[in-house]
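What follows draws every value from the coordinates through simple rules; no lab data is involved. None of these values were measured; they are calculated from a predicted model.
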Amino acid sequence: MDGRILTCVYCGHEYPQNTPAHGSQVLTEHIKVCGSHPMRKAEADIALLRSALAGLIGADSEDELRQMEIAMRLLPAPDADKAVSINAIHALLATMTPNAGVKAAAEGSPAAEGSEP
């Protein structure tokens, strides 16, 4: 790069001289933690929307959501009303973080609550 210094366009973080602009793991790792990167807003928006949907549906964990879907399908309600709730459940399931189920299981376990099994 002939002495040029690569700089994050969002926060101004400078990388060591000769860091490649494309395909570099250091850049990929920085994007994950850069507070100014547009992904932080997208992540915050998703969290806000998930929280609102979970409040409306009354469930947030994968198991709860799957049980809620079964219950919704069995309710004697208009199909259009059921579809709205089921779509919200599917949106919550689709936007779960990869290890959210593992975390929820650990939080719900007796050991995690401080009581004995």
Under a 5 Å amide H to amide H cut-off, with H placed in plane at 1.01 Å, what residues pair with Leu6 once short-range neighbours are removed?
-> Tyr15, Asn18, Thr19
At the level of C-alpha centres, the distance separating region 70-87 and region 41-67, in angstrom, is 18
Determine one quarter of the surface area of the Cα convex hull of region 1-85, which equals its mean projected area, and express it in nm² to one decimal.
-> 8.1
What are the ³J(HN,Hα) values, in whole Hz, obtained from phi via the Karplus relation 6.51 cos²θ - 1.76 cosθ + 1.60 with θ = phi - 60°, for each residue of region 51-59 in sequence order, with x given for Gly and Pro?
-> 4, 5, 5, 4, x, 5, 7, x, 8
